[in-house]
Amino acid sequence: MSDEPTGIRLQKVLAQAGVASRRAAEELIAAGRIEVNGHVVTEQGRRVDPERDTIRVDGSRLPPPRRHLYLVVNKPRGVVSTMDDPEGRPTLEQYVPPKQRLFHVGRLDTDTSGLILLTNDGELANRLAHPKWEVAKTYLAEVVGAVDNRTLKRLEKGVMLDDGPVRPDKVRLVSRGFERTLLEVTLHEGRSRVVRRMFDALGHPVHELSRISIGPVRLGQLMIGETRDLTRDELGALIDLVGL
């Protein structure tokens, strides 16, 4: 029976993850800023299994070493949220690296732009899409007409649709003009075209719609049609959000 220690030194794991150099990682450990499985670690020789142990830096989850692809796409209008379209319309396949099979997280209508996640991590994709985890999604909606305060209150309290009520988690008025109103709406609903149907019910049809966030992941400065990798912090936050 071998007495060889198992696992990888914690400071090496932190360095390999890009958190800090090994020397700086040792300082983080000494300062009590690292947790392993819910316990603060201050000893330098601690060995961990980065695939199994839950490691946090200043409270933020450090995801395990990447074995999957995680891409953030700012989908343009006119692109179908599938990998293949019998009608020959542009699809998400154009954003997938060659010879990769990726799932899309968060389908968008063809005429809606914005954030979609692409990944080959099936378990994470399934959990993000499952209603149980109530992953919040935020949309920027430009609607027809001036939405008055009374209508805003009605929106905040919830709107009855033909397949049941919908109540946003948060509504923020961005700007209001005579012909158009810009609103930021957050909800965890996954029903088809729910944002558009909600505003139709209020008498303010959507003119333009874009999703700007899924959980902790935001579009930020990503331009329409561009793609980027999910950051380490974003991936860690998503893993925490869905209980992995």
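Nothing in this text is a laboratory measurement; each read-out follows from the coordinates by a stated rule. Being a predicted model, the structure only gives us computed values, none of them experimental. Glycine gets a Cβ as well: all are built from the backbone with ideal geometry, and neighbour counts include every protein chain shown.
Work out which GluC sites (Glu not before Pro) in the chain are exposed loop sites (DSSP not H, G, I, E or B, at most 11 other Cβ within 10 Å) and give the longest gap free of them.
On the way: sites that count: E43, E51, E87, E179.
By the stated rule (loop sites, at most 11 other Cβ atoms within 10 Å), 88-178.
Excluding residues on the same chain fewer than 8 positions from K12, give the lysines whose Cα lies under 27 Å from its Cα.
K12 reaches no qualifying lysines.
For R176 paired with N120, estimate the spin-label separation in nm (one decimal), with each label point 7 Å from Cα along the Cα-to-Cβ line.
5.0
Starting from the Cα of K153, draw a straight line to each of the lysines and keep only those under 24 Å, dropping any in the same chain fewer than 8 residues away.
Here the lysines satisfying the reach criterion relative to K153 are K137, K170.
Using modelled amide H (1.01 Å from N, peptide plane; none on Pro or chain starts), what sits under 5 Å from the amide H of G114, excluding residues fewer than 5 places away?
Long-range HN contacts for G114: K75, R211.
Report ³J(HN,Hα) in whole Hz for each residue of the stretch 71-78, in order, from the Karplus equation J = 6.51 cos²θ - 1.76 cosθ + 1.60 where θ = phi - 60°; Gly and Pro get x.
10, 9, 10, 9, 5, x, 4, x
Would you mind computing, in nm to one decimal, how far apart the modelled labels at Q16 and R77 are, each placed 7 Å from Cα along Cα→Cβ?
It works out to 4.7 nm between the two label points.
Which of S213, S113, S175, S21 has the fewest other C-beta atoms within 10 Å, and how do the rest follow up to the most?
On the way: S213 18, S113 22, S175 9, S21 12.
Sorted ascending by nearby Cβ count, the order is S175, S21, S213, S113.
Using R₀ = 41 Å, calculate the FRET efficiency as 1/(1 + (r/R₀)^6) where r is the Cβ-Cβ separation of H207 and H130; round to 0.05.
Details: r = 31 Å, r/R0 = 0.77.
Between H207 and H130 the formula returns 0.85.
For D169 and E51, FRET efficiency with R0 = 35 Å and r from the beta-carbon atoms, rounded to 0.05?
On the way: r = 34 Å, r/R0 = 0.97.
FRET efficiency, E51 to D169: 0.55.
Relative contact order of the chain: what whole-number percent is it, with Cα pairs under 8 angstrom and at least 6 residues apart? Mind showing how you got there, number by number?
Values: 444 pairs, mean separation 47.5, N = 244.
Relative contact order of the chain: 19 percent.
Can you tell me which of T227, T151, T181 moves the most in a GNM of the chain? Springs connect C-alpha atoms under 10 Å apart.
Result for the chain, Cα springs under 10 Å: T151 fluctuates most.
Taking the Cβ-Cβ separation of A146 and F103 as r and a Förster radius of 45 Å, what is the calculated FRET efficiency to the nearest 0.05?
0.65
Could you name the lysines whose alpha carbon sits less than 26 Å from that of K99, not counting residues in the same chain fewer than 8 places away?
K75
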